[in-house]
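Structure, as structure tokens:
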Amino acid sequence: MAAEREPISMDTFLRGIWRENPVFVMLLGMCPVLAVTNTTANALAMGLATTFVLLCSMALISVLRDLIPKEVRIASFIVIIATFVTIVDYAIQAISLELYDALGAFIQLIVVNCMILGRAEAFASRQPLLKTLVNSLGVGLGFTLALLCLGSVRELLGAGELLGVPVLGEAFQPWVVMLLPPGGFFVLAGWLLLFAWIKERRDHRAKTRKEATADGH
Amino acid sequence: MGTDSLGFIFLDAAVINNFVLAMFLGICPILGVSGQLGTAFPMGVATAFVMFIASVAAYGINIVLGYFGLEFLSLIAYIAVIASTVQLVEMAVKKYSPALYRALGIFLPLITSNCAILGVALFQTSNGYDFLQSVAYSLGAGAGFILAIVLMAGLREQVDLADVPSVARGAAMSLMLAGILSLAFMGFAGLGGG
């Protein structure tokens, strides 16, 4: 592919945040996205943990990309990812037991986050180290941002708080459903609707502009 | 019925804490393969089978690693067992039903990265279940997964016939359906006694 020889550009980094956002555009790694986003703090911790695993494992895979036989690459990727997840798991346990209890098994479940395996397969196994690092950082940030988008809305509507600080005042009646599982589905659906609506409007405007210039001729 | 009884553990994993709709495990195949009832059901069965094997294997792995004091390797051991079981299922499906193999496509090998399966192994360990309880738990989780994917497929087949606004087509609609299903499943929470 021609894209493999492209030099590193701002696009390598930004692509993961906006145009190929893992959550909103690619719909990958949905399980943690929905499960741990009931508060902003959890969402942030999960996003950073995933970004760390993504960065480290992609770097290692990129370095080893010529040594890993093609037939067993998926298994090798998973073992590499599992190693870093184990590190993160023990690290979070040591740093904050409270956070560890809140995130629960979902830290270990980063192993099976399809977003990471997908990046390994599609990018890190073909690209040099530096480019992989830049791209992984972008994707990791995109993932963290998406988690924050969900986490803040759910915490705001579900508890009237942001990062544990009450913002909506006493009179606000919390929508408890937003903290419960259905809330996760609905908020994510809401964000997707918003993005689809923006895209549709932009397409519509581009079309009318084209028609307008065509009429002018 | 006590909370330790096998029947309760089964019911708990299948409906009260349904893996897909209450714990958000295995969302990817639910959104990806649930387009048609014909492929959703075999997919559910294949996943449930892998879940069962993984659960039994995880029980064995815990004993062996505990004996040698190597608990930190458990995650890697689980995933290795799951990956090889999935390979086995893939070969079996390919041999006995090539048509189904083509229909499931990429999602069959992706069972490996289905969080629900690793989830079964992790949760049964953290809950400290004994062997029979682990089996009941994995069977319940499998039944819950089949239930969820078949329900989703049925709903999506109906939605295909409906006139959905263009912005909501695709993933957003599926997520809203999943949300409504999840609301319905919250009704089962009362079964658990709180």
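Throughout, read-outs are computed from the coordinates displayed, never taken from laboratory work. Here the structure is a predicted model, which is why all the values come from computation and not from measurement. FYI the Cβ positions are ideal-geometry reconstructions off the backbone, even for glycines, and counts take in every protein chain you see.
The table for this structure:
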{"item": "Sorted by Cβ density within 10 Å, fewest first, the residues A:Lys210, A:Lys70, B:Lys94", "result": "A:Lys70, A:Lys210, B:Lys94"}
{"item": "Alpha-carbon spread of region A:105-217, three principal axes, descending order, Å", "result": "61, 45, 23"}
{"item": "For region A:1-102, average projected area of the Cα convex hull in nm²", "result": "8.3"}
{"item": "Dipole moment magnitude, nearest 20 debye, region A:10-204 about Cα centre, only Lys, Arg, Asp, Glu C-beta charged", "result": "720"}
{"item": "Calculated P(r) tail over 30 Å for region B:19-187, as whole % of Cα pairs", "result": "22"}
{"item": "Estimated 222 nm signal from helices in chain B, with DSSP H stretches of n ≥ 4 weighted -39500 (n - 2.57), rounded to 500", "result": "-23000 deg cm²/dmol"}
{"item": "Positive-end residue of A:Phe185, A:Cys114, A:Ile61, charge dipole of region A:10-204 with Cβ unit charges", "result": "A:Ile61"}
{"item": "Cα-based shape type of region A:109-167, given that a ≥ b ≥ c are square roots of the gyration tensor eigenvalues and the cut on a/c is 1.5", "result": "prolate"}
{"item": "Cα-based convex hull volume of region B:62-132 per residue, rounded to whole Å³", "result": "104"}
{"item": "Structure-based [θ]222 nm, chain A - -39500 (n - 2.57) summed over DSSP H runs of at least 4, per residue, nearest 500", "result": "-22000 deg cm²/dmol"}
{"item": "Whether region A:10-204 is rounded, prolate or oblate, judged on the alpha carbon gyration tensor where a/c under 1.5 counts as rounded", "result": "oblate"}
{"item": "Cα-Cα pairs of the protein assembly as shown separated by more than 35 Å (percent)", "result": "28"}
{"item": "Estimated vicinal HN-Hα couplings, Hz - region A:9-17 in sequence order (Karplus 6.51, -1.76, 1.60; Gly, Pro = x)", "result": "9, 4, 5, 4, 7, 6, 3, x, 7"}
{"item": "Least to most buried among A:Met46, B:Met51 (fewest other Cβ within 10 Å first)", "result": "A:Met46, B:Met51"}
{"item": "Under the span-like rule (Cα at least 27 Å along the axis, Kyte-Doolittle mean at least 1.6), DSSP H helices of chain B", "result": "B:37-68"}
{"item": "Difference of contour (0.36 nm per residue) and Cα-Cα distance, A:Asp215 to A:Val176", "result": "8.7 nm"}
{"item": "Residues of region B:102-124 with amide N under 19 Å of a point placed 7 Å along Cα→Cβ from B:Leu88", "result": "B:108-114, B:116-122"}
{"item": "Packing-based exposure ordering (other Cβ within 10 Å, fewest first) of A:Glu155, A:Glu71, A:Glu200", "result": "A:Glu71, A:Glu200, A:Glu155"}
{"item": "HN-Hα J in Hz across region A:95-100 - Karplus 6.51, -1.76, 1.60, θ = phi - 60°, x for Gly and Pro", "result": "6, 8, 5, 5, 5, 4"}
